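Have a look at the structure below, then the notes.
The values are calculated or read from the model by the stated rules, or taken from the named source; none is laboratory data. Remember, predicted model here, so these are calculated numbers, not experimental data. In this analysis, Cβ positions are derived from the backbone assuming ideal geometry, glycine residues included, and neighbour counts consider all displayed protein chains. With ligands, DNA and RNA removed, areas are computed over all heavy atoms of the protein, side chains included. Shrake-Rupley method; radii C 1.70, N 1.55, O 1.52, S 1.80 Å.
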Amino acid sequence: MAVLGLYNYFVFAVLLMIGLYCLLARTNIIKSIIGLSMFQSAVFLLYISMDKVDGGTAPIIQEGVENQIFANPLPQVLILTAIVVGISTTALALAVAVRIREAYGTIEEDKIQEMDRKQ
Amino acid sequence: MHLLLDILSAMLLLSGAFFVFVGGFGVMRMPEFYTRMHAASLTDTGGAALILFGLMLQGGFTLIPLKLAAIFLFLFLTSPTASYALANAALLSGVKPACRNETGKAFPGEQPAKPKPKRKSASKAVKARKSAPVKPPAGKPAKRPAKKPTKKTARKKS
Amino acid sequence: MMTIVFSLFLLTMLVIVAVAILRTENLFTAVMLSGIFSLIMAANFFVLDAADVALTEAVIGAGISTVLFLGALALTAEYDRSPPVGTWVPLLTSSALGGVIIFATFQAPRLGDPSAIVHQHVAPWYLEKTPELIDVPNVVTAVLASFRGYDTLGEVFVVFTACIGVMALLGRVRPRRDSIKEGEFKKATDNLRHHLIPRVVGKMLVPFIVLFGLYVQFHGDFGPGGGFQAGALVAAGVILYSLVEGGVRGRELVPEWFSSVLVALGAFTYTSVGVASMLMGGRFLDYSVLAHDPVHGQHLGILVIEAGVGMTVAGVMITIFHAFSRRGIR
Amino acid sequence: MEWIYFVTCIAILITMVLAVVRGLAGPTIFDRVLAVNMFGTKTVLFIAVISFLTGRPDFLDLALAYALINFIGVFAVLLFFQSREVRRAAEAEREAGK
């Protein structure tokens, strides 16, 4: 049971490392961007796991809600904005990838380096 | 009265859950793409409708049944449209619906889609890589095509 | 208990899907699987009591992320041709790091522990003081817009900067140099107008999506929602219209000058609220001075800055989408 | 009533697992798109049932957002495949011109 309570953190670590591996091992730029966004999602998962309180509910205070234990609003605020920032930065990265494809004709890092060396 | 509503909505919810589950099972076990889509799109509307009606009975006289009705309406509109778009995309890129031939043995359509031969395809490697990531069950005898995924689930869930 | 059962299901699926994304060579498959990934993530956020975050992830992940990735794939390549060499060093590095992190998590408080340090610091204060100082039911909105207004201002400007970056990279379109006819190219790549059912249903749903976006914008004080989600929803409506009717008509509906003005106007609105509160004798982004009653001032301030956030996010998403869709292949 | 919600949730979760299996197994890419689409519908239902299970049915807004947004991705897929031939031809031309 105690280990199950830590399961979110284990999944966080595994996802983080899958994202990192994707960034390091794959030379395809789009794949690296997908890995980067997985890395981001892992961090989101960590923060949101922290906000949970036993028996709590989402921090929206209403008349009819009986139990007055609320989840922690702070990580939610941070991640809410981070998701929107994440998609914007991902779009920026994709734009860079598109320009690289137009300039080099490929989005494989090793081929791009090869071309650069030839010049 | 309250008990009656509860029983009714429990029946609706459980039958909805059953339908949804059957749809998922169909998507996993059906032999080729179009039949899978049939299973998915039917239960997407049917099972979803049952579950949402079951929840509506629990909502009382508030905004909640209205919201559920809106969800139902939008699902009812979007889910078949998505199915249409998907089937169209599949047909456009040359996935053929499978038909049993006279001997009743083969499902030709369950082969993974190959690019049309007459297309002046630029990328030769594409053909070879078409289904590279996960080995499709296409290489197996056509009798029990969905066998392999089943085994895989059993392994992953354990 | 329930949370743990649901989390077990969802998180295990998450890891399996992540591994599959890593292994696949087909980038289209990877994008589709990352769609599933973000859906699982949103369901998981909802299970963990983060309704606002789940709504954001839902709108961004389902509506915008897939479209952007597919747009980028159409302009680059569909297959990952990474050579399988040199995978040992990254594998060792990442598994060693992962081991260290997992080892460190044994010190962490278990999920939902009420005595964890995060729940002791400022969070109880926010929960206690929000009804008194700001008086909006949604504490997340209160913290986002008022208590941590500086932070949100920073995030808005990050989004703004990313938008400028995309415009700088993809903004200028040179004429096509290959010989495929422009009209033929446009017809195939630009719209779904000859598909009757998507066209009818899609166009019918656009007003509902925008209406729902406005509801989320102005209901954000009372339920899950706010400027970020609303902006993304409105942008999703415009993106849907542009997909169905073609980028040209989409740009007629929301011209590019308009969406870029929207981006700047939103950031300007946010900042000018801060300046206004300074001029009226308070500190930067201290809304209490905006009206006679401090609580009313807070309401007013939150309303205006949420509108600013919504404008910026909607403008940024629409601008980015237009930038990708206008870029032909060359 | 609680346990009925719970059973429904579990059934939906198992269906999600089946959809994920289809998404991973393929074999064609359209099976994966189908899995995504189906998974989206199941997420709508899951969120709707769970908001009743936790006693906060006012969170149905999320499910509504999903129901409205979920199919945009499939339209993008249709457009992607519709333009594929033209893109391939353009790519071939580019390769030839190089």
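A few points about this structure:
- Candidates B:Thr78, B:Thr62, filtered to the one that is of a type in the set (Ser, Thr, Tyr), surrounded by fewer than 22 Cβ atoms within 10 Å (Cβ to Cβ) and closer than 21 Å to D:Ala67 by Cα: B:Thr62
- Residue list for region C:74-108, filter: surrounded by 14 or more Cβ atoms within 10 Å (Cβ to Cβ), among the aliphatic types (A, V, I, L, M) and either within 7 Å of chain A (Cβ to nearest Cβ) or in a loop (DSSP other than H, G, I, E, B) (or both): C:Leu75, C:Ala77, C:Leu91, C:Leu97, C:Ile101, C:Ile102, C:Ala108
- C:Thr93 touching a helix residue (DSSP H, G or I) at 6+ places or on another chain (Cβ under 9 Å), hydroxyl-bearing (Ser, Thr, Tyr) and at pLDDT below 80: no
- So A:Val96, is it at the interface with chain C (Cβ under 7 Å from one of its Cβ atoms), in a helix (DSSP H, G or I), open to solvent by 20 Å² or more (accessible area, probe 1.4 Å) and at pLDDT 90 or above: yes
Every residue, every condition in (1) touching a strand residue (DSSP E or B) at 6+ places or on another chain (Cβ under 6 Å); (2) under 21 Å from C:Gly112 (Cα atoms); (3) aromatic (Phe, Trp, Tyr), yes or no:
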site	(1), (2), (3)
C:Thr3	no, yes, no
C:Ser7	no, yes, no
C:Leu11	no, yes, no
C:Val15	no, no, no
C:Val19	no, no, no
C:Thr24	no, no, no
C:Phe28	no, no, yes
C:Val31	no, no, no
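- Taking helices (runs of 4 or more DSSP H) as the structural unit, those lying wholly within region C:2-68 and holding at least 1 residues that are surrounded by fewer than 24 Cβ atoms within 10 Å (Cβ to Cβ) and within 13 Å of chain B (Cβ to nearest Cβ) correspond to C:2-23, C:27-47.
- Candidate set from region A:23-63 (those that are in contact (Cβ under 8 Å) with a residue 12 or more places away in the chain and part of a loop (DSSP other than H, G, I, E, B)); member that is nearest to C:Leu27 (Cα to Cα): A:Thr27
- A:Ala82 vs. criteria more than 7 Å from chain C (Cβ to nearest Cβ), touching a helix residue (DSSP H, G or I) at 6+ places or on another chain (Cβ under 7 Å), at pLDDT 90 or above and over 25 Å from C:Leu92 (Cβ atoms): yes
- At least 3 residues being buried (at least 24 other Cβ atoms within 10 Å of the Cβ) is the threshold, and among the helices (runs of 4 or more DSSP H) wholly inside region D:5-98 those reaching it are D:29-53, D:60-69, D:72-82.
- Selection of first residues in region D:49-65 that are without any contact (Cβ under 8 Å) to a residue 24 or more places away in the chain and more than 7 Å from chain B (Cβ to nearest Cβ) and of second residues that are assigned to a helix (DSSP H, G or I) and among the basic types (Lys, Arg), restricted to Cβ pairs under 9 Å at least 6 apart or on distinct chains, gives the following pairs, ordered by first then second residue: D:Asp58/B:Lys67; D:Asp61/B:Lys67.
- Residue count for region B:42-59 under the criterion of being crowded, with 23+ Cβ neighbours inside 10 Å and closer than 24 Å to D:Gly73 by Cα: the result is 5.
- Screening C:Asn138 against (1) closer than 20 Å to A:Gln62 by Cα; (2) surrounded by fewer than 24 Cβ atoms within 10 Å (Cβ to Cβ); (3) in contact (Cβ under 8 Å) with a residue 40 or more places away in the chain; (4) not aliphatic (A, V, I, L, M) leaves a single unmet condition, (2).
- Being open to solvent by 10 Å² or more (accessible area, probe 1.4 Å), facing chain C (nearest Cβ under 7 Å), part of a helix (DSSP H, G or I) and in contact with a helix residue (DSSP H, G or I) (Cβ under 6 Å, 6 or more places away or on another chain) is a description that applies to A:Ile18.
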